[in-house]
Amino acid sequence: MTSQKARDCACRRGGRAAGLRFALFGTVLLGFGLPAAAFAQMPAPAAVPNPAMMSLSIAPQPLDTALTAFADQGGLKLLFASQDVVGLRTQGLSGRFTPGEALSRLLAGTGLGYRFTDARTVTLTKAPTDSSSGAMALPPVQVEGQQADLQAPYGPGVGYVATRSATATKSDTPLIEIPQAISTVTRQQMDDQNAQSIRQALRYTSGVVPERNGLNGDAYEQLYGRGFLMEEYLDGLRLPTNAYNILAVDPYDLARVEVLHGPASVLYGQANPGGMVNLVSKLPTETPQHEVFLQGGSPGQVSGGFDLSGPVDPDGKVLYRLVGSAKDADTQVDHIKQERVNLAPSLTWRPDADTSFTIIGRYQYDPQAGYYNNLPALGTLYGTPFGKIPTRLDPGDPSYNKYSRTEESIGYLFDHRFNDTWSVHQSLRYTHDDATMENVYGLALGSDNRTLSRYAFANYTSLDQFDVDTNTQAKFATGPLRHTVTAGVDYQRISFKERYGSNFDEPSLDILAPVYNQFITPPTAYSIDTQLQNQVGLYAQDQIRLGRWSFLVGGRQDWVDGSAHDDVANTSASQSASKFTWRVGVVYLFDNGLAPYFSYSTSFYPSTGTDYTGSAFKPTTGEQYEIGVKYQPPGFNSFITASAFNLTQQNVLTADSLHPQFETQTGEIRSRGVELEGHASLSNNLDLILSYAYLDNVVTKSNTTAGAYTDNVGETPSGIPSQMASLWANYEVPWRPLVGLRLGGGVRYLGATYGDNADTFKVPSVTLFDAAVHYDLGQANDKLKGWQAEVNATNLFDKTYVAGCTSSTVCYYGLRRTVLGSLKFKW
């Protein structure tokens, strides 16, 4: 099916070679995983085709999609310039052919030729060729047919440089043609940085604040983009966000993580305006691949896992993948542990070349989800006569503290191509989640600067969520215009029950001589809520190519309704809303790889409650203007995006000045800034990630004039830095005695943030360093082929810092130094 055929460039790092081999193929060959020693001994490219026969079925269609199908079905790597195939078609073919015979038929009448640079790599050439060599210089790499992965339409991340995405368009599209900033964290990057959570995976992503709530983030994951909370999606379907039912997907289950910066409502419905994070599951592969790992280190962590995949039957029509992991770890806080068991099976059935049906399951049990607490600013940001509160201090009580979570889901991805024009895709998932939270929280230090007042809080939640998204796609031409039209409907139903209460009459804690296992009075539930939410959305989008112009226009209509009943108060409420959102954008593609773009997009998010008159609140809305430029330089495996945006959220709740006990929707928050992000794999064995963001986030309308938790005109919401920057480098040592050794290092700068919404105090900036060492043991001894050893350190110099505050009584320490050693075996 056409939506599953395109693949990212697999160039990852280069190597040492001479003459034409270095100029044209060095970066590509090593990028496909060849060790440096093998590359040094590789013969010059041969201009003879691989004689092996292959079975192919490629219908008449545009040449670019036909070549992608050929690469997939033949398991070959194709290199060509996108402008060389624009507007060209092929008559297709069906039967058994050698690769050379198949290419000759596909390229007949197009004016294109081909060269086999090795048995599995083909370069397409266009006359005139270079007179001295008979072959043209290497154009940009566009397609890798790997035949081993079914990650589409959310294709696999290979190396550090992704070039295609479906997150922004729900159709497999080159990133350079999408008029909106998109960031991709590939599987290779997650492995090299040993990301232990989604928020750690996004540390080097521009404009994203992944760890605003410090240590709490592992238990209660919150990600901020362009100043606003972002929703998380898994394979294009929204994950739960109700109370403590926020899922914390294990990153080992994922092939990649994609961030769409700015409004996403046109394709995904209700969403905050700052953007969305799409988590892309590992899916079955045609080529058998197996991995097991064992990991250990500070603070007291032992973990392990496996990733097994391949065909079930000899014909490769049924494929499987089984991903699992387990962890038992201490944290930097006394008495608090993290425990997890995770299993993610999937099974793909492909009855023919045009149909794919993949069942995906997930089970994750966190009997101890980690730290979830806070400390006052006095003692963390500011010292006391006794110094600062130790980062290991548990402000709760081990006799009462408990945070556990169980997540279960089952769903499928279905794709079918009817012909060259029409295809259909459907995603469906059912999710069940239970969470139990019992905790004793710190409030404030007393006048003696050592007695911490505390309160108890309990929350018990259960959630059932059903999501389904069905869309059809049509690819056709009207005169000189080439269209990719996507239209669909999605539906979400959430049934949610929550019981919670608090007790502020709990024993205090001496932070210098803490006494634990005190009697904690369990809170009495003062609310038992049962809620039901439904959302239906109809959307349509047209991606239009006209020469070097790429246009995007889309619209969506949503209907949202909800009801709630409080069993304690015996009260009920219902609410409904509808909203139309839309976006437009344009990109111009220059020959030199530059692509300036402009876009306008809108979003909405339902607001619960009523105003003084009893009228239900309208949804908050967002609108964004974005301009930028993307750069994919020909002949280099790199991708750079620079963007500037002006984003406004309207209908924000603020105090009703005439009726103090109520709220009204006259508030507004404006966010404007610039973001820069670049990924590159260079020919001297060097991978680089660079990001920078400047953000001016300010309240522009509000009726509130004072208060730590209120939004006041002219002030910046808490926890949002005005500047962030990061740099990560990964270097493969080319010196022959150290072949197989890779060194990684990174630096992250997080600017100062306000500690409350009244901007009464600031949390200072911090600069953190990370490091990694990887060694392929098979390079030292053939008997150790497949074994790899790794050591990763985050916050290398053990910086003690406060990650953020939301008031003078609620601050979060950041993660101190962690060192993890890993041993992996792949076969």
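The values are calculated or read from the model by the stated rules, or taken from the named source; none is laboratory data. Note that this is a predicted model, so its numbers are computed, not measured. Counting neighbours? That spans all protein chains shown, and the Cβs are built from the backbone with ideal geometry, glycine included. Side chains are part of the model used for accessible areas, which takes the heavy atoms of the whole protein and leaves out ligands, DNA and RNA. Shrake-Rupley method; radii C 1.70, N 1.55, O 1.52, S 1.80 Å.
Does the range 221-251 hold any residues that are of a type in the set (Gly, Ala, Ser) and either in contact with a Pro (Cβ under 8 Å, 6 or more places away or on another chain) or under 19 Å from residue 468 (Cβ atoms) (or both), and which are they?
Residues satisfying the conditions are 227, 236.
With the checklist (1) at pLDDT 95 or above; (2) β-branched (Val, Ile, Thr); (3) more than 30 Å from residue 292 (Cβ to Cβ); (4) surrounded by fewer than 20 Cβ atoms within 10 Å (Cβ to Cβ) in hand, flag the one item residue 809 doesn't pass.
Unmet condition: (1).
Would you mind stating whether residue 102 is among the small types (Gly, Ala, Ser) and open to solvent by less than 10 Å² (accessible area, probe 1.4 Å)?
It is true that residue 102 is among the small types (Gly, Ala, Ser) and open to solvent by less than 10 Å² (accessible area, probe 1.4 Å).
Go through (1) under 20 Å from residue 413 (Cα atoms); (2) at pLDDT 95 or above and name the single condition residue 262 misses.
(1)
Quick one: would you say residue 420 is farther than 30 Å from residue 333 by Cβ, touching a residue at least 12 places away in the same chain (Cβ under 8 Å), surrounded by 22 or more Cβ atoms within 10 Å (Cβ to Cβ) and touching a strand residue (DSSP E or B) at 6+ places or on another chain (Cβ under 6 Å)?
In short, no.
Within the range 338-373, which residues are part of a loop (DSSP other than H, G, I, E, B) and either open to solvent by less than 20 Å² (accessible area, probe 1.4 Å) or of a type in the set (Ser, Thr, Tyr) (or both)?
Selection gives 370, 371, 372, 373.
Does the range 289-308 hold any residues that are closer than 12 Å to residue 328 by Cβ and in a strand (DSSP E or B), and which are they?
Passing the criteria: 295, 296, 301, 302, 303, 304.
Considering only the range 463-472, I want to know if a residue exists there that is of a type in the set (S, T, N, Q), in contact with a Pro (Cβ under 7 Å, 6 or more places away or on another chain), open to solvent by less than 30 Å² (accessible area, probe 1.4 Å) and assigned to a strand (DSSP E or B).
Yes.
For the subset of the range 448-462 comprising residues that are under 29 Å from residue 247 (Cβ atoms) and either within 27 Å of the chain's Cα centre (by Cα) or of a type in the set (Ser, Thr, Tyr) (or both), which member is least open to solvent (accessible area, probe 1.4 Å)?
Among them, the one singled out is 461.
Restricting attention to the range 580-605, and to residues there that are within 16 Å of residue 634 (Cα to Cα) and of a type in the set (A, V, I, L, M), which single residue is most open to solvent (accessible area, probe 1.4 Å)?
Checking each candidate, the answer is 594.
Return only the number of the condition from (1) within 39 Å of the chain's Cα centre (by Cα); (2) open to solvent by 50 Å² or more (accessible area, probe 1.4 Å); (3) modelled with pLDDT under 95; (4) of a type in the set (A, V, I, L, M, F, W, C) that residue 549 does not satisfy.
(3)
From 734, 721, 717, grab the single residue that is in contact (Cβ under 8 Å) with a residue 24 or more places away in the chain and in contact with a helix residue (DSSP H, G or I) (Cβ under 7 Å, 6 or more places away or on another chain).
Unique residue meeting the criteria: 734.
Which one of these is closer than 30 Å to residue 772 by Cβ, surrounded by 20 or more Cβ atoms within 10 Å (Cβ to Cβ), under 26 Å from the mean Cα position of the chain (by Cα) and not polar (S, T, N, Q): 682, 695?
Exactly one residue qualifies, and that residue is 695.
Quick one: residue 689 ticks every box in (1) open to solvent by less than 50 Å² (accessible area, probe 1.4 Å); (2) under 30 Å from residue 612 (Cα atoms); (3) among the β-branched types (Val, Ile, Thr) except a single one, so which number is it?
Among (1) open to solvent by less than 50 Å² (accessible area, probe 1.4 Å); (2) under 30 Å from residue 612 (Cα atoms); (3) among the β-branched types (Val, Ile, Thr), the lone unmet condition for residue 689 is (2).
Scan the range 382-403 residue by residue and report those that are open to solvent by 30 Å² or more (accessible area, probe 1.4 Å), part of a loop (DSSP other than H, G, I, E, B) and farther than 20 Å from residue 460 by Cβ.
383, 385, 386, 388, 390, 392
Would it be correct to say that residue 812 is assigned to a strand (DSSP E or B) and more than 26 Å from the chain's Cα centre (by Cα)? Quick ask: steps written out before the conclusion?
On the way: assigned to a strand (DSSP E or B): yes; more than 26 Å from the chain's Cα centre (by Cα): no.
Taking the combined requirement at face value, the residue does not satisfy it.
Of these, 627, 669, which one is among the β-branched types (Val, Ile, Thr) and either within 21 Å of residue 553 (Cβ to Cβ) or outside any strand (DSSP E or B) (or both)?
Exactly one of 627, 669 is among the β-branched types (Val, Ile, Thr) and either within 21 Å of residue 553 (Cβ to Cβ) or outside any strand (DSSP E or B) (or both), namely 627.
How many residues, within the range 519-546, are open to solvent by less than 50 Å² (accessible area, probe 1.4 Å) and under 30 Å from residue 380 (Cα atoms)?
2
With a cut-off of at least 3 residues that are in contact (Cβ under 8 Å) with a residue 40 or more places away in the chain and open to solvent by less than 10 Å² (accessible area, probe 1.4 Å), name the strands (runs of 3 or more DSSP E) lying wholly within the range 169-272.
182-186, 228-234, 254-261
Of the residues that make up the range 704-722, is at least one open to solvent by 40 Å² or more (accessible area, probe 1.4 Å), more than 30 Å from residue 664 (Cβ to Cβ) and modelled with pLDDT of 95 or more?
So far as the range 704-722 goes, no, none of its residues is open to solvent by 40 Å² or more (accessible area, probe 1.4 Å), more than 30 Å from residue 664 (Cβ to Cβ) and modelled with pLDDT of 95 or more.
Need the failing condition index for residue 622 against (1) open to solvent by less than 30 Å² (accessible area, probe 1.4 Å); (2) outside any strand (DSSP E or B), just the number.
Checking residue 622 against (1) open to solvent by less than 30 Å² (accessible area, probe 1.4 Å); (2) outside any strand (DSSP E or B), the one that fails is (2).
Got a sec? Which of 287, 241 is out of contact with any strand residue (DSSP E or B) (no Cβ under 6 Å at 6 or more places or on another chain) and over 20 Å from residue 407 (Cβ atoms)? I'd like the intermediate steps shown before the answer.
On the way: 241 fails: over 20 Å from residue 407 (Cβ atoms).
Exactly one residue qualifies, and that residue is 287.
Report, by residue number, each residue of the range 767-799 that is closer than 20 Å to residue 196 by Cα, open to solvent by 70 Å² or more (accessible area, probe 1.4 Å) and not basic (Lys, Arg).
Passing the criteria: 769, 791, 797.
Can you pull out the residues in the range 643-664 that are open to solvent by 20 Å² or more (accessible area, probe 1.4 Å) and small (Gly, Ala, Ser)?
644, 655, 657
What are the pairs, 6+ residues apart or on separate chains, where a residue within the range 661-682 that is farther than 25 Å from residue 701 by Cβ has its Cβ under 7 Å from a residue that is open to solvent by less than 60 Å² (accessible area, probe 1.4 Å) and among the acidic types (Asp, Glu)?
Short answer, once both residue conditions are applied: 681/687.
Consider residue 685 carefully, then state whether it is at positive phi and touching a helix residue (DSSP H, G or I) at 6+ places or on another chain (Cβ under 8 Å).
Taking the combined requirement at face value, the residue satisfies it.
Condition first: touching a Gly at 6+ places or on another chain (Cβ under 9 Å) and among the charged types (D, E, K, R). Can you find one or more residues in the range 533-542 that meet it?
Among the residues of the range 533-542, at least one is touching a Gly at 6+ places or on another chain (Cβ under 9 Å) and among the charged types (D, E, K, R), which makes the answer yes.
What are the pairs, 6+ residues apart or on separate chains, where a residue within the range 553-574 that is at pLDDT 90 or above has its Cβ under 7 Å from a residue that is assigned to a strand (DSSP E or B) and among the basic types (Lys, Arg)?
Every condition considered, the pairs that remain are 554/583; 558/579.
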